[in-house]
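Notes follow the structure.
The values are calculated or read from the model by the stated rules, or taken from the named source; none is laboratory data. Remember, it's a predicted structure, so these values are computed and weren't measured experimentally. For neighbour counting, all protein chains shown are included, and Cβ atoms are generated from backbone atoms with ideal geometry for every residue, glycine included.
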Amino acid sequence: MAQLLKVHGSENQFFILDQTQLNNQLSDDELKRLAIKICTPENEILNGADGLLVVNDSQFTDCLGQMRVINADGSEAKMCGNGLRTVSRYLSEKFSKSSFKIETFETNLEVKKSVDFYTNVPAFSVEISPISFAKDDLPFEYKNKLELVDEEIPEFIKGQKFTAIAVPNPHLISFVDEIYEDDLGDLGKALNTPNPYFAEGVNVSFCEILDNNKLFVQTYERGVGFTNACGTGMSATSLAFALLNGDYFNPDEDITVYNPGGMVKTNVQLSAHKEDSKIHLIGNATFTHELRINENDLHSSKLDNIEISETGEEDDYQEFVSSINEA
């Protein structure tokens with residue numbers, strides 16, 4: 001029998017599949033079909049998820065493993081900050097390590113166990129890298145500009161300014177007095193269907209500045225749609241906040257970032273060359289369910305005979321969320 005985990009970071013929901021435990025690993029086509037089927041809520045497997053996180057052996061001797069991110073629509077993302085925290089916990093417990101590196105699509109990232117956010121709410125800190133503002137790395141096309149930093153783009157939404165950052169997933173960020181979900185949804189959909197600005201789509205985040213080093217971020221995620229939280233989105237937004245809102249940014253303290261699924265912290269260290277800045281994302285890594293399935297059924301995406309058991313961790317996480325709301 002093969003095992004999967006249902007997990008989340010700030011209620012950004014995933015399934016984890018450790019391919020190193022299988023007799024025969026799934027092909028890319030099999031992974032794509034599995035991700036689409038298991039993540040679709042209508043298939044009634046724990047209300048679906050935002051993606052499938054695939055753990056493989058790493059080709060690098062200094063990494064404990066490799067993480068691949070297959071979105072709910074079957075596309076592959078370069079990185080996922082919330083997902084990386086959950087894979088970090090999985091590998092930490094598998095190998096009894098508290099600090100190590102994980103291979104991702106574009107680079108090897110440092111991760112480490114952090115102080116629990118709450119009773120029975122484990123937390124991990126993960127490096128978010130590399131950083132780029134260059135048009136070719138997102139990519140984008142707008143009036144021959146090489147970067148988009150605090151730029152008014154009336155073709156998107158009149159009166160709003162936008163900043164584009166790859167970390168390495170592409171993000172478009174706008175700071176607003178109030179988040180209007182209709183505006184965010186309309187722009188997210190428009191920029192993730194064929195359009196003249198972002199040929200490969202883009203994650204769109206709106207951010208409210210609540211106080212010094214305190215933000216609320218909501219994201220329309222490429223390949224997913226509205227999500228409870230986007231780790232790289234909150235990280236890119238934190239960097240844009242530090243760059244553009246010096247009156248509210250304290251570099252000596254973590255940034256608290258609220259989201260529809262809970263809360264994370266980010267740590268931003270600015271550099272004179274903004275691409276050399278450092279970002280760390282710190283947040284929960286919650287395992288809600290264990291799933292057992294015949295390995296042959298896994299290869300064929302036959303998901304009607306799965307044994308599922310709860311871990312009980314979600315109750316603790318919801319107590320944590322309640323404590324945030326009461327604070």
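N24 falls short on exactly one of the conditions (1) surrounded by fewer than 21 Cβ atoms within 10 Å (Cβ to Cβ); (2) more than 23 Å from C230 (Cβ to Cβ); (3) touching a Leu at 6+ places or on another chain (Cβ under 9 Å), and that condition is (3). Within segment 150-206, restricting attention to residues that are among the small types (G, A, S) and within 18 Å of A134 (Cα to Cα), the residue that is surrounded by the fewest Cβ atoms within 10 Å (Cβ to Cβ) is A199. The residues of segment 74-96 that are in contact with a Lys or Arg (Cβ under 9 Å, 6 or more places away or on another chain) and not in a helix (DSSP H, G or I), listed by number, are G74, S75, E76, A77. Restricting the search to segment 97-120, which residues are over 12 Å from R85 (Cα atoms) and acidic (D, E)? Once the filter is applied, which keeps residues that are over 12 Å from R85 (Cα atoms) and acidic (D, E), segment 97-120 yields E103, E106, D116.
Summed over segment 190-237, the residues that are in contact with a Phe, Trp or Tyr (Cβ under 7 Å, 6 or more places away or on another chain) and more than 19 Å from P260 (Cβ to Cβ) give a count of 5. Here E178 fulfils each of the conditions (1) of a type in the set (D, E); (2) out of contact with any strand residue (DSSP E or B) (no Cβ under 9 Å at 6 or more places or on another chain); (3) without any contact (Cβ under 8 Å) to a residue 40 or more places away in the chain apart from (2). Within segment 278-302, the set of residues being over 25 Å from G262 (Cβ atoms) and surrounded by fewer than 17 Cβ atoms within 10 Å (Cβ to Cβ) comprises R292, N294, E295, N296, D297, S300, K302.
Listed by position, the strands (runs of 3 or more DSSP E) inside segment 98-138 whose residues that are closer than 18 Å to M234 by Cβ and either in contact with a Lys or Arg (Cβ under 7 Å, 6 or more places away or on another chain) or in contact (Cβ under 8 Å) with a residue 12 or more places away in the chain (or both) number at least 2 are 108-118, 121-128.
Checking each residue in segment 59-79 for being in contact with an Asp or Glu (Cβ under 7 Å, 6 or more places away or on another chain), touching a residue at least 60 places away in the same chain (Cβ under 8 Å) and surrounded by fewer than 19 Cβ atoms within 10 Å (Cβ to Cβ) picks out only K78.
Within segment 21-28, can one find any residue that is in the same structural domain as N82 (by TED's automatic domain parsing) and assigned to a helix (DSSP H, G or I)? Yes, because at least one residue in segment 21-28 is in the same structural domain as N82 (by TED's automatic domain parsing) and assigned to a helix (DSSP H, G or I).
What strands (runs of 3 or more DSSP E) completely inside segment 204-312 contain at least 3 residues that are more than 13 Å from the chain's Cα centre (by Cα)?
214-221, 255-259, 262-269, 286-293, 307-310
Can you spot a residue in segment 225-243 that is outside the structural domain of N71 (by TED's automatic domain parsing), farther than 20 Å from V69 by Cβ and surrounded by fewer than 20 Cβ atoms within 10 Å (Cβ to Cβ)? Within segment 225-243 (the criterion being outside the structural domain of N71 (by TED's automatic domain parsing), farther than 20 Å from V69 by Cβ and surrounded by fewer than 20 Cβ atoms within 10 Å (Cβ to Cβ)), the answer is yes, since at least one residue qualifies.
Criterion applied to Q66, Q59 was being over 28 Å from V321 (Cα atoms) and either in a loop (DSSP other than H, G, I, E, B) or acidic (D, E) (or both), and the one residue passing it is Q59. A search for C-beta distances below 9 Å between a residue of segment 21-34 that is without any contact (Cβ under 8 Å) to a residue 24 or more places away in the chain and any residue that is small (G, A, S), counting only pairs 6+ apart in sequence or on different chains, returns Q21/A2.
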